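Structure, as C-alpha cells:
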Amino acid sequence: MKKKAEIPRYRIGEYARYMGVTPDFLKHYEQFHLISSETMENGYRYYPFYQSSKLLECMKLRNYGVPIRDMGALLNDDDAETAHAKLSQRISEIEKQIAFHQAILEEYRQFSEWMERMHGKTEDWYVTECEEMYFLPHSNQYDFLEDDRIYSILKNWVSFMPMVKSCMEIRQPGGRDYSWGLIVPASFAQKHKIPINGAVKQLPAKKTLFCDFRTELYRSADSKTLPRDFLAQKHLKQLGLKTTGSLYKILLMYNHIHNDTMQENGYFMVPLE
C-alpha cells in the first residue's frame with residue numbers, strides 16, 4: 001500500500017477529465033463534503049486518486065435520483081441494508097415518473113391520430129360506448145367557484161394534464177348555464193391515484209355521441225357567434241338522438257391566431273338516452 005505522500009494527486013481540470021465530469025461538478029460535490037481536495041503549497045487545488053471510488057459512487061446515486069443533500073448519509077452513515085431500503089423508495093418514485101411519461105407519450109399519439117383524422121375537416125362525429133368519467137368543476141362564466149373541496153385536490157388534477165383535459169359542462173343546451181372544469185377517465189384516475197371527493201361529478205359509462213371540431217371563433221367583438229353546443233345539437237337532431245342531461249365540450253388544443261380570433265380543437269361528449 002502506498003504511503004499518503006506517494007498517492008498521485010491531480011489538478012481539478014485534469015482530475016475532472018479522468019473522471020468524465022466537469023470542474024464545476026467537482027466543486028459542487030466538494031461543497032457538500034462528499035469528496036475533498038488538498039490545497040498544496042503553490043495554492044492550487046489537487047484531488048487525490050483515492051477519491052475516485054467515492055466520486056463514482058456519488059455518480060451512481062445521482063443517476064438513481066438521490067438528491068445530493070442525501071448522499072452523505074448513504075455513503076458515510078448507512079449500512080448496506082439501510083441504503084438499499086432508501087434506494088427502493090427512490091425506485092418507487094422513478095416507476096411513477098415512468099408511468100407518467102408513458103401516459104404522456106400515449107396521449108400524444110392519440111392526439112396525433114386525431115389531428116391526422118381531422119386534417120382538412122372542420123367537424124366529424126361518431127357514436128360509441130364511453131367509459132366512466134370524472135368531472136371536477138372549477139369556474140363559472142365569469143369567476144372561480146367557491147368550494148374548498150375543489151382546491152384541496154386541484155393541484156393534483158392539473159399535474160396530470162394533458163391526460164386530464166380542460167372541459168366545459170353545458171347544463172342547459174343552447175344557453176349560458178355552464179361551468180368550466182377538468183375531466184379524466186375514471187380508470188386513469190384510479191390507476192394514478194388522482195384524488196376524488198364530493199366536488200367531483202361521476203359520469204357513468206354509457207353510449208355517447210362524440211362530435212369532433214376544429215373551428216375559429218370570435219373574429220370581431222360585434223360578430224354573432226353560434227351557441228357553444230351548436231355542433232352537438234345539430235348532430236343530435238340529424239340522427240334523431242336524445243341526450244340524458246349535460247353536454248361536455250373537451251378541448252384538446254386552444255390557439256390564439258390573432259387578437260380577435262381563436263382556434264379551438266376538441267370534441268363534444270354527449271351522453272345518450
- In the set 231, 247, the lone residue that is at pLDDT below 85, over 25 Å from the mean Cα position of the chain (by Cα) and open to solvent by less than 60 Å² (accessible area, probe 1.4 Å) is 231
- Message: Within region 1-25, take every residue that is part of a loop (DSSP other than H, G, I, E, B), within 15 Å of residue 49 (Cβ to Cβ) and touching a helix residue (DSSP H, G or I) at 6+ places or on another chain (Cβ under 6 Å) and give me the one that is modelled with the highest pLDDT.
- Response: 8
- Query: Which of the residues spanning region 1-46 are in contact (Cβ under 8 Å) with a residue 24 or more places away in the chain and among the acidic types (Asp, Glu)?
  - Reply: 38
- Query: So, of the residues in region 181-216 that are modelled with pLDDT of 95 or more and among the aromatic types (Phe, Trp, Tyr), which turns out to be nearest to the chain's Cα centre (by Cα)?
  - Reply: 188
- Message: Condition first: in contact (Cβ under 8 Å) with a residue 24 or more places away in the chain, of a type outside the set (Val, Ile, Thr) and open to solvent by less than 50 Å² (accessible area, probe 1.4 Å). Now tell me which residues in region 88-114 satisfy that.
- Response: 90, 99, 103, 107, 111, 114
- Query: Do we have any residue at all in region 66-86 that's of a type outside the set (A, V, I, L, M) and under 19 Å from residue 6 (Cα atoms)?
  - Reply: no
- Note on the structure: Of those in region 153-180 that are within 23 Å of residue 229 (Cβ to Cβ) and of a type in the set (Ser, Thr, Tyr), the residue farthest from the chain's Cα centre (by Cα) is 178
- Message: When you scan region 126-145, do you find a residue that is of a type in the set (Val, Ile, Thr) and not in a strand (DSSP E or B), even just one?
- Response: no
- Query: Quick one: residue 56 ticks every box in (1) at pLDDT below 95; (2) under 22 Å from residue 90 (Cα atoms) bar one, so which box is it?
  - Reply: (1)
- Message: Can you list residue pairs whose Cβ atoms sit under 7 Å apart, with the first residue in region 47-61 being open to solvent by 70 Å² or more (accessible area, probe 1.4 Å) and the second being not acidic (Asp, Glu) and not in a helix (DSSP H, G or I)? Count only pairs 6 or more apart in sequence or on different chains.
- Response: 49/7; 49/8; 50/7
- What do you reckon, is residue 41 modelled with pLDDT of 95 or more and farther than 20 Å from residue 68 by Cα? no
- Message: Quick check on this structure: which one of 152, 139 is touching a strand residue (DSSP E or B) at 6+ places or on another chain (Cβ under 6 Å) and small (Gly, Ala, Ser)?
- Response: 139
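The values are calculated or read from the model by the stated rules, or taken from the named source; none is laboratory data. Given the structure is predicted, the values throughout are model-derived calculations rather than measurements. Here the Cβ is made from the backbone with ideal geometry for all residues, glycine too, and neighbour counts use every protein chain on show. Quick note on the areas: whole protein, heavy atoms, side chains included, nothing else; ligands and nucleic acids left out. Shrake-Rupley method; radii C 1.70, N 1.55, O 1.52, S 1.80 Å.
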